[in-house]
Amino acid sequence: AVTGARFVLAALRLAGAALRSPGSCSFEDSACGYQWDYAHLPWTLHGEGHYISVDTSYEGEKAVLYSPDLYSEEWSCVRLIYQIATTSETSPDPTRLSLYLRQEGESFDRLLWSAKEPSDSWLIASIDLMNSTKKYKLVLEGEMGQDKSSSIAVFEIKITPGYCIECDFEENHLCGFVNHWNPNVNWFVGGGNIRNSQSILPKDHTLNSALGHYMYVDSVYVKHFQEVAQLISPKTTAPISGCLSFYYQLKQESSIVFTVYLRDMSGFYEEIWKTDTALSVDWALAEVDFNAPYPMEVIFEVAFNSAKGGYVALDDIAFSPVYCTNQTGTPFNPANAGCNFEEDLCNFYQDHKDGPGWSRVKVKRNVYRTGDHTTGFGYYLLANTKFTSQPGYIGRLYGPTLPGNLQFCLRFYYALYGFFKMSGTLAVYIFEENHVVQEKIWSVLDSPRGVWTQAEISFKKPMPCKVVFVSWCKSFWDCGLVALDDVSLSLGSCQAADLLLHSPGECTFEKDECVFTQKKRGRGSWHRRRGPTPTSYTGPKGDHTTGVG
């Protein structure tokens, strides 16, 4: 009997290995074709504990682990179960785990994800992998930082076809979905035919069986009026739009509100679906158009009014890149709302009633003046030129109409010349469709003279609106020049855009030298610095990224 049991166990293990998708590994008895780079720290395989780890017991900066060659024409999701353990709370150079994509024929690895938060137990990261026709490897890099004693453990790498926001709740990691803990009402795993399970339904939707699993929330522990339970999806890591669908059951005796929200990284909530039926005895399908151009979480929220409210069950969350309803019109492209003014004003315009406030100009650069910001030899916009400067003069430049209910990041470069007092000489307003001023969202306070300086503004409005640049001459005695160039608009907040991973090999030198290194430092070496170059009339007054970086 024992031999038979061993045989069954061995057969199950082999079946598990056969079912495992390429690139997936739970590090039970092997590293599944993953190899470490012997030029760096070694990884240790702990077969009994089912994990692979690296720690500071060896001298070295980092450990590198790379997968066998992988190939995926379909969109897929990488789930990484890991733990970072350190002794120090904060460190200027913390222990970090990063995941890179190494595509065939590319010179640089592309950073997909990175984490440095230590924890007492394992965490799960979900990373969307866009479909590609190229072969690739996944590269895990553990940097040990300055901590005296630290370790990184990886328990499982799992690559599944589909999107990271999809889930059937059949696996114990729940696809990275988490319950927002509440003392009274919470989402629980139901089903699985477990004796002590609080199963409220005889069958799940995935397997249509008592062995299957689903998520549910019950009003039995409700203590206060309007108790809320939230189930939160992993954050999207790539822009996606299409149809989000899920199955649910709802039984209510007093009012239950079941709502689905999108939440962006600034904490803005947007309701995308709400239940409109009082009772669904069997599993009901819900479908909703879903648009996540920047990182977002999907939140399934149930609000109860009393302990006799009832329950909600949820299963089989799925996503398709095709909208549920026939979408009319073309999706908004933020590139159409920017301009470098090299050819014309793009989609910007001036009101003829205002007069010619902004002129498109080109200047020959020399040691006393810079050219445009785009190339140094091109065009930019100049307000308050000698043809228009008069006391109290205001010049307005209107941008194209932007759709409502989207988070935007506006970035542009400006330079000021000849003003005694700079504050308020350039401002940015939001106008509603009919040219009604809604609010001022930015104005210049102080800035280095004659240096292209970057400004960035995050905003979100419920209604369609326009961005308007306003230059102002306060008096005849204090009327200088205002220059504007390289206006760009992106989706998501500017903070979220800063967190986005730059293309490999790009570097602005704001934080460090990125992937660039010097062979040796001597008299002819490169130095990272801010402001003007040390010798007069040789080189810029400020950096190119922000003007003050």
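Helix 2-19 axis versus longest C-alpha principal axis of the chain: approximately 20°, rounded to the nearest ten.
Per DSSP H run of at least 4 residues, take -39500 (n - 2.57); add these up for the chain, divide by its residues and hand me the 222 nm value, nearest 500 deg cm²/dmol. Mind dumping the intermediate values first?
Numbers: 2 runs with 24 residues, N = 549.
Value at 222 nm, helices only, nearest 500: -1500 deg cm²/dmol.
Suppose the chain between ASP37 and VAL220 were pulled fully straight at 0.36 nm per residue; how much longer would it get relative to their current alpha carbon spacing?
Contour length minus the Cα-Cα distance gives 60.5 nm.
Taken along the Cα-to-beta-carbon direction at a fixed 7 Å, the label points for PHE377 and VAL436 span 4.9 nm.
Between GLN518 and HIS180, full extension at 0.36 nm per residue minus the direct alpha carbon distance yields a gain of 117.0 nm.
For segment 110-170, the convex hull spanned by the alpha carbon atoms encloses 126 Å³ per residue.
Couplings for segment 228-242, taken from phi via the Karplus curve 6.51 cos²θ - 1.76 cosθ + 1.60 with θ = phi - 60°, read 10, 10, 10, 10, 10, 6, x, 6, 5, 10, 9, x, 9, 8, x Hz in order; Gly and Pro are left as x. Find how much the distance from SER488 to GLU506 grows on full extension, using 0.36 nm per residue of separation minus their present alpha carbon separation; answer in nm with one decimal. Net length gain for the segment: 4.7 nm.
Think of the chain as having a plus end and a minus end, set by charges on the Cβ of Lys, Arg, Asp and Glu; of PRO400, CYS175, ALA125, PRO400 sits farthest toward the positive end of this dipole.
FRET efficiency for TYR323 and SER57, Cβ-Cβ distance as r, R0 = 45 Å, nearest 0.05?
Numbers: r = 53 Å, r/R0 = 1.18.
Once rounded, the FRET efficiency stands at 0.25.
For the chain, what does the alpha-carbon gyration tensor say about shape, rounded, prolate or oblate, given a ≥ b ≥ c as the root eigenvalues, a/c under 1.5 as rounded, and a/b over b/c as prolate? In terms of gyration-tensor shape, oblate. Once you put a point 7 Å from the Cα of ILE272 and another 7 Å from the Cα of HIS173, both along the Cβ direction, what distance in nm separates them? Result for the modelled spin labels: 2.3 nm.
Label positions at ASN333 and GLN350, each projected 7 Å from the Cα along the C-beta direction, are separated by 2.8 nm.
Longer than 31 Å from Cα to Cα, which of LYS134/LYS460; LYS421/LYS541; LYS158/LYS308; LYS158/LYS520; LYS364/LYS440; LYS134/LYS274 are they? Say none if no pair is.
On the way: LYS134/LYS460 38 Å; LYS421/LYS541 20 Å; LYS158/LYS308 41 Å; LYS158/LYS520 42 Å; LYS364/LYS440 34 Å; LYS134/LYS274 41 Å.
Flagged as over cut-off: LYS134/LYS460; LYS158/LYS308; LYS158/LYS520; LYS364/LYS440; LYS134/LYS274.
No lab work stands behind these numbers, since they all come straight from the coordinates. Quick caveat: nothing in here was measured; it's all calculated off a predicted structure. As a convention, Cβ positions derive from the backbone with ideal geometry for all residues, glycine included, and neighbour counts pool all protein chains shown.
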